[in-house]
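> Once you've had a glance at the structure underneath, I'll fire off some questions.
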Amino acid sequence: MVSISEDLIRRRAEHNNGEIFSLEELSLHQQDIQRIEHIHKWCRDLKILYLQNNLIPKIENVGRLKKLEYLNLALNNIEVIENLEGCESLQKLDLTVNFVGKLSSVETLKHNLHLRELYLVGNPCAEYHGYRQYVAAFLPQLQWLDGKEISRAERIQALQELDAVRTRVLQQETEYLEKREKQKSNANEHPEINQSLSESQNRTRQNPVSSSKTHTEAEDEEREFWEKPCPFTPESRLEAHRHLEEKRRASEKEKEKPKTKAPRTLITPDGRVLNVNEPKLDFSLSEDENNCLLLDLHVYRHMDSSLLDVDVQPTYVRVTVKGKVFQLVLPAEVKPDSSSAQRSQTTGHLLLILPLANEDVKPKKPTIRPTSVPSNQNNKKDTRAAPRRELLEVDPGLAGSLANIVPKGQESSHNPQRCGMVERPVSNDFVDDPEVPPLM
């Protein structure tokens, strides 16, 4: 049950800067209110009051609202029109879709001399034969009934047939009131028609892992509750409201429960490693000349490295980025102990260097060691100057022939055995020409 509180009225008075004493219009619709109270004390200057779509069973505590011009009580549980004599300025009264069966109670509106519009459509009394003539005859100040204007001819005819119409209306009213008493007694004998449904729903909520049969039974009972015919009474309306309120609370409890996300499968039960990219990062995988795999993971630039966790296994790599897993299956087996990780200070990318476990030895380009400088040139140089060394790249096919080149004058000091070279014998046809300059 929702009560009308000062806080509720202040929240509804935002258009008046939260001031309620000078409030002229107040909307309290769809609040599940079951009683009209406090408004006549706090909001004396009200001109418009919206109370539609609540659970109000009785019109009360509005007699002191002398300035009230429009009262909307549509879609409530009102059965009798009463306690409106004090609303001296009332011009429009809306009682659409209520349970007014005592049509004679409309005579109390005689004192509301400014009443011009009245809505009773959707009430049991609107089904009475002679209903419109009865209202038009007893409320001469009324100009519109259920949105239709009361013509002068219609009012004259209603006054002429008033006695017969009143007798017929009172008879129908008596029959309805007797029927209503039976409905009340039946409701008292069966106060909780949906008790079995509630118990079934409670069992389902308490046992989340329930069988399909229990779930099906709950759905069938839910469907039966709404499809089962029942009389349109205030009791049935309250019962439907309680049912919806219970479902709403159960739904809120389900939302409040912490949702446990199922862990993502990284390795299947049969041991197969899966490729996963939860953080949705770009990456590249390549191989360098040193027989290493290079994994370049485009990590967020400004993210702290403490939020990274790297796990290198022989066949896959797993990087956890802010709790999200990046996992990649490697094309070849690597050495986890010899692997390393580097973080770029400019781009923030993470570079993993993964040496291959079964690396193939690649031939390196051979280099020729620098030959020794002749002694006669060495003497001419400054002893403090360091000799200049140059590495020359040569064709591998010429490496053997270059090994025999020895500067002239170094034959005696040169040790072919030490350098791993064999001196060729001098050919018989060799002629030493003194005019030929030395090679070095």
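None of the figures in this text is laboratory data; all of them are computed from the coordinates on show. Fair warning: this is a prediction, and the values are worked out from it, not measured in the lab. Here the Cβ positions follow ideal geometry from the backbone for every residue, glycine too, while neighbour counts run over all protein chains shown.
> Rounded if a/c is under 1.5, else prolate if a/b beats b/c, else oblate: with a ≥ b ≥ c from the C-alpha gyration tensor eigenvalues square-rooted, which is segment 36-186?
oblate
> Cβ under 10 Å from Glu24's Cβ, Glu24 left aside: what net charge do those residues give with Lys, Arg +1 and Asp, Glu -1?
Numbers: positive: Lys47, Lys67; negative: Glu25, Asp45, Glu69.
So the environment of Glu24 carries a net charge of -1.
> Where does each of Phe232, Phe326, Phe225, Phe138 land when they are ranked from fewest to most other beta-carbon atoms within 10 angstrom?
Details: Phe232 11, Phe326 23, Phe225 16, Phe138 20.
So the residues, fewest neighbours to most, are Phe232, Phe225, Phe138, Phe326.
> Could you list Cys87, Cys230 so that the one with the fewest beta carbons within 10 Å of its beta carbon is first and the one with the most is last?
On the way: Cys87 24, Cys230 13.
Ordered by Cβ neighbours within 10 Å, fewest first: Cys230, Cys87.
> Still on this structure, please answer the following. Jot down the radius of gyration and Dmax of segment 224-282, Cα atoms only, both in angstrom.
Values for segment 224-282 (Cα only, Rg and Dmax): 23.7, 65 Å.
> While we're on this one: Run the quick spin-label model on Glu6 and Ala357: label points 7 Å from Cα toward the beta carbon, then report their separation in nm to one decimal.
Using points 7 Å along Cα→Cβ, the separation is 7.8 nm.
> If you average the alpha carbon positions of segment 298-350 and of segment 26-46, how far apart do those two centres end up, in angstrom?
64
> Could I ask something else about it? Please work out whether segment 1-102 counts as rounded, prolate or oblate from its C-alpha gyration tensor, where a ≥ b ≥ c are the square roots of the eigenvalues and a/c under 1.5 means rounded, while otherwise a/b larger than b/c means prolate and anything else oblate?
On the way: a/c = 1.91, a/b = 1.33, b/c = 1.44.
The shape class here is oblate.
> What order do you get for Ser104, Ser284, Ser306 when you list them from fewest to most C-beta neighbours inside 10 Å?
Numbers: Ser104 15, Ser284 10, Ser306 6.
So the residues, fewest neighbours to most, are Ser306, Ser284, Ser104.
> If you don't mind, there's one more thing I want to ask. Check each of the trypsin sites (Lys or Arg not before Pro) in segment 261-360 and keep only those in coil by DSSP with at most 13 other C-beta atoms within 10 angstrom; list them in order.
Passing sites in segment 261-360 are Lys261, Arg264, Arg272, Lys280, Arg301, Lys322.
> Any idea what the relative contact order of segment 276-355 is, in percent, if you count C-alpha pairs under 8 Å spaced at least 6 apart? All intermediate terms of the calculation are to be shown ahead of the outcome.
Details: 151 pairs, mean separation 26.4, N = 80.
Taking the mean separation of contacting Cα pairs over the length of segment 276-355, I get 33 percent.
> Taking 0.36 nm per intervening residue step and subtracting the Cα-Cα distance, what contour gain separates Glu435 from Gln313 on full extension? Could the numbers behind the result be given before it?
On the way: separation 122, 0.36 × 122 = 43.92 nm, distance 7.12 nm.
Length gained between Glu435 and Gln313: 36.8 nm.
> How would you classify segment 125-177 from its alpha-carbon gyration tensor, with a ≥ b ≥ c the square roots of the eigenvalues: rounded for a/c under 1.5, else prolate if a/b is greater than b/c, otherwise oblate?
Working: a/c = 2.65, a/b = 1.54, b/c = 1.73.
Because a/c hits 1.5 or more and a/b fails to exceed b/c, segment 125-177 counts as oblate.
> OK, next. Give the residue list of GluC sites (Glu not before Pro) in segment 282-359 that are DSSP loop and have at most 11 other beta-carbon atoms within 10 angstrom.
Listed in order of number, the matching sites are Glu289.
> Go ahead and run the numbers for FRET between Lys324 and Leu294, Cβ-Cβ distance against an R0 of 22 Å, rounding to 0.05.
Details: r = 22 Å, r/R0 = 1.02.
Rounded to the nearest 0.05, the efficiency is 0.45.
> Under a point spin-label approximation (7 Å from Cα along Cα-to-Cβ), what is the Glu287-Glu154 distance to one decimal in nm?
9.5
> Rounded to the nearest 0.05, what FRET efficiency do Trp226 and Asp32 have when you use their Cβ-Cβ distance and R0 = 25 Å? Display every interim value, and only then the final one.
Values: r = 20 Å, r/R0 = 0.79.
The computed FRET efficiency comes out at 0.80.
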